[in-house]
Amino acid sequence: MNRIVIVVLILCVGAFVMFATTRRNAATTSAANAAAIPDPAVDEKLAARPGQETLVVAGGCFWGVQAVFKHVKGVTRSTAGYSGGTVKNPGYEDVSTGTTGHAESVEVVYDPSVITLGQLLKVFFSVVHDPTQLNRQGPDTGTQYRSAIFYGSAEQQRVAQAYIDQLNQAKIFSQPIVTQIVPLNGFYSAESYHQDYAEHHPENPYIMICDLPKLKNLEQQFPNLYIAKP
């Protein structure tokens, strides 16, 4: 469903009571998940000197995913876009049909001397989204909202798969993790109006209900990684 329609429905049906309740429940659930997730047993070591690495992930609406990673220490850039499909240079309206194969994704550029891949994945699995939801996140449904890690190297694949196995074996979640681990075959930046959307539109009901609680949980659960003003 197009998010414009979703926002209209929220405005019509949501009212203040529904908004307050949903926001409180979302924050509580996410915080509980984040608190229960262990550090990855398999991870890269911090690099000896500053550099630049890239991780592409998908976890529902890219507005919230981008917003969270923008506030993570060591992340130098996060960009909303599309990955995983066969259509070149897709647009938002095309991806929203669910027929392009693309998922709303975020390209995370980070300094491996400040933060490790495993730490980024811990944020991804605990704060960014619910990795047990198949082809959906909250009110957004369709394969374009699937959970995925698009690896750019064998090392990224190894660390990601080991962490998912670790979390599943420990039964951290009540349901199995459905996150795909697939090769990165291209990343296409989304339209300019999607970039930093949560930052520019904090009053949007969708952002207030679905995304601001994620930032609050990041601050609470990862105080050593949280950056208030990126």
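Read-outs throughout are calculated quantities, based only on the coordinates presented, and are distinct from any laboratory measurement. Bear in mind that the values here come from a model prediction, so they are computed numbers and not experimental data. Glycine gets a Cβ as well: all are built from the backbone with ideal geometry, and neighbour counts include every protein chain shown.
Suppose we keep just the DSSP beta bridges with both residues in the stretch 77-230; what percent of those would be antiparallel, to 5?
75
How large is ³J(HN,Hα) for each residue in the stretch 191-198, as worked out from phi by the Karplus curve 6.51 cos²θ - 1.76 cosθ + 1.60 (θ = phi - 60°), to whole Hz, x for Gly and Pro?
Result, rounded to whole Hz: 4, 4, 6, 8, 6, 6, 4, 5.
Per residue, how much space in cubic angstrom lies within the convex hull of the C-alpha atoms of the stretch 79-229?
128
In the structure displayed, which of Lys122/Lys171; Lys122/Lys216; Lys45/Lys73; Lys88/Lys229; Lys171/Lys229 lie more than 27 Å apart, Cα to Cα? Mind dumping the intermediate values first?
On the way: Lys122/Lys171 15 Å; Lys122/Lys216 16 Å; Lys45/Lys73 16 Å; Lys88/Lys229 34 Å; Lys171/Lys229 35 Å.
From Lys122/Lys171; Lys122/Lys216; Lys45/Lys73; Lys88/Lys229; Lys171/Lys229, over 27 Å: Lys88/Lys229; Lys171/Lys229.
Would you mind working out the magnitude of the charge dipole of the stretch 100-230 relative to its Cα centre, with +1 at each Lys and Arg C-beta and -1 at each Asp and Glu C-beta, to the nearest 20 Debye?
Values: 8 positive and 13 negative charges, 94 e Å.
Here the stretch 100-230 has a charge dipole of around 460 debye.
With N set to the residue count of the stretch 62-135, report its C-alpha Rg divided by 2.2 N^0.38 Å to two decimal places.
Against the empirical 2.2 N^0.38 Å value, I get 1.19 for the stretch 62-135.
Taking 0.36 nm per intervening residue step and subtracting the Cα-Cα distance, what contour gain separates Ile181 from Gln52 on full extension?
Roughly 44.3 nm would be gained on extension.
In the stretch 166-230, what trypsin sites (Lys or Arg not before Pro) fall in a loop by DSSP, with at most 11 other Cβ atoms inside 10 Å?
Those that pass, being in a loop and sparsely packed, are Lys171.
Please work out the Cα center distance from the stretch 159-203 to the stretch 63-96, rounded to the nearest Å.
Here the answer is 10 Å between Cα centres.
Select from the stretch 168-207 those GluC sites (Glu not before Pro) which occupy a DSSP coil region and have at most 10 other Cβ atoms within 10 Å, ordered by residue number.
The qualifying sites are Glu203.
Could you compute the net charge surrounding Gly81? Neighbours are other residues with a C-beta less than 9 Å from the C-beta of Gly81; K and R count +1, D and E count -1.
-2
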